[in-house]
Each structure stands twice: as C-alpha cells, then as structure tokens.
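Below is one structure, written out as structure tokens, with a few remarks after it.
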C-alpha cells in the first residue's frame, strides 16, 4: 500500500486541543516539537521527554537521584550567541517588554530514557520577565515573604493573586530547544509613562516604618535568629493588584529588598523578599 502523506494545518485556538499534553507539532521549517498547554502556561520542547535543568541544580548534586555534583562541560554555544538568539526570538514574538532577568548554563535530559537519563544537549537557559525600561528585571516571585513580618494579612478586596509573567528559552548550538511561557498576560493600556518616583530617603523611611510595624516583638539581641540582614535592593517592576478588580493589575515601579537573618545565612536558607511601591512607598502584598 502507498504510504499516507501527513497533513498539517496552522495551529490556532480552533485547532488546539486544550489542555494539550505532548501534542506533536511542526514548525514552518518542518522541524518537529511537542506542545503542552494549560490554563497558566504554554511550553514547546524539541523532545517529548525533554526536561531542562540549570547548572546550579547540577552543582548541588542529586539533580537526578544519585547523581554527583558537577559542572556542565559540554556547552558549545556561547552566552553571547544565546542572548542574541533570544533577542531575535523576542522580536519575532512581538514582546519588547520582556527583558532578560537571568542567563545560566543548563542541560536537557531525556526523562523518557532509561536511568541514568540521557543528556539531549547542553547550552544556556535564558529567563525573561516583563519590566519597564530603566528598571532591573528581577524574578521576585522566586522569593517568599519573610515569616518574621507580622503585618501580612488577607485583604478581602483582593480575590486572587497575580503571578509574575516569565518566559524561559533554552538554546544549544542546534538552536532553540525549549520554550516555556508561564502566566501569560496582555498589556492593555499605559496609565502613566513618566510617573515621579518617591525620593529615596523617603523610601528608606517607609521601610523603617514597615519593619517597626512588622517586627513589634523582635529583639535582635535576644532572638536566636540574630540580626536582620538586607542583602540586595533593586528598582524593578512588580505587579500590583487593583482593589475590587480581578481581571486587571498594574505593573508599577517597585523597590525589591532581599532580607534574611544571621541564623538563616548560617543555615544556607534562601532570602525573603520585601516589595515597596516606588511611587508612594507602600508595601506590595502579593498574597492579600
């Protein structure tokens, strides 16, 4: 019998089965890939079982069970080449508001292969966030709120959390091997392009006031946690929800402060984050 010719149609909302789990698709150039999509993400990978791991995981050991810690030594593509390829991709995507927040070596494992998993490629994982021009792109949603701050409480006028929109691209010398878009959002309007930022000395005072309110019973000398330590402060862009509005939020300039304590540093624990609106000095509660 004659071989049947496969037919492909453009992928759009009508032809996409939703949610999608490993659906086979082809690019305009004829390269095959696997698509996954859900309510809050879209992912396309060159391999059905492709799983991307940053080098920072591999260096810790047990990136898969029993693996010894080691560096990735077979990266052919340079970081500069990967970043240039990422910028070209963003231009085609039509999203100039995405800005590079992190670039790191990474690998793709074949999770469908026999253990220990086969490596499908090594390269660079680029992670982008939506950030205003002039602000520092930061992955603030990677950090939790400090358990020491007692002023965190639910506010009934907010009914759901807006998570940070991110785009992750994994490049090897063969090109783009993985694309993951989490929490996709749409810019619908610009409220103010030239809003004046609160003077920095006033921001500092707002932070002191917040800590005074949030740490009413905290005694650095008596508490086993030790001194409160700030490790980083950066002007970035943060999603701030609108009271009594669930389907829209504001992207505002904000100061991101990373804080920890002496004990947490000694234990190697991750820092916590404190987000301050750079326009009015108010605390941004992501979980209200």
Residue tally, condition within 19 Å of residue 120 (Cβ to Cβ) and not in a strand (DSSP E or B), over segment 15-28: 1
Residue match in segment 263-285 (condition: touching a residue at least 40 places away in the same chain (Cβ under 8 Å), part of a strand (DSSP E or B) and over 22 Å from residue 213 (Cα atoms)): no
Among residues of segment 43-62, those that are in a strand (DSSP E or B), over 13 Å from residue 25 (Cα atoms) and within 16 Å of the chain's Cα centre (by Cα), counted: 3
Of all residues in segment 1-51 being closer than 27 Å to residue 173 by Cα and surrounded by fewer than 10 Cβ atoms within 10 Å (Cβ to Cβ), the one that is modelled with the highest pLDDT: 30
Segment 228-248, residues that are in contact (Cβ under 8 Å) with a residue 60 or more places away in the chain and either buried (at least 17 other Cβ atoms within 10 Å of the Cβ) or over 20 Å from residue 165 (Cβ atoms) (or both): 228, 235, 236, 237, 238, 239, 241, 243, 244
Conditions (1) in a strand (DSSP E or B); (2) in contact (Cβ under 8 Å) with a residue 60 or more places away in the chain: number failed by residue 76: (1)
Counted residues, segment 161-197 - those being within 28 Å of residue 241 (Cα to Cα) and in contact (Cβ under 8 Å) with a residue 12 or more places away in the chain: 22
From 65, 129, 76, 83, residue being over 25 Å from residue 26 (Cβ atoms) and crowded, with 19+ Cβ neighbours inside 10 Å: 129
Those residues of segment 28-57 which are touching a strand residue (DSSP E or B) at 6+ places or on another chain (Cβ under 7 Å) and free of Cβ contacts under 8 Å to residues at least 60 places away in the same chain, in sequence order: 32, 33, 34, 35, 36, 37, 53, 55, 56
Output for segment 31-42, where each listed residue is within 22 Å of the chain's Cα centre (by Cα) and not in a strand (DSSP E or B): 38, 39, 40
Residue check, residue 137 assigned to a loop (DSSP other than H, G, I, E, B) and at pLDDT 95 or above: yes
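The values are calculated or read from the model by the stated rules, or taken from the named source; none is laboratory data. In this text, all values refer to a predicted model and were calculated from it rather than measured experimentally. For neighbour counting, all protein chains shown are included, and Cβ atoms are generated from backbone atoms with ideal geometry for every residue, glycine included.
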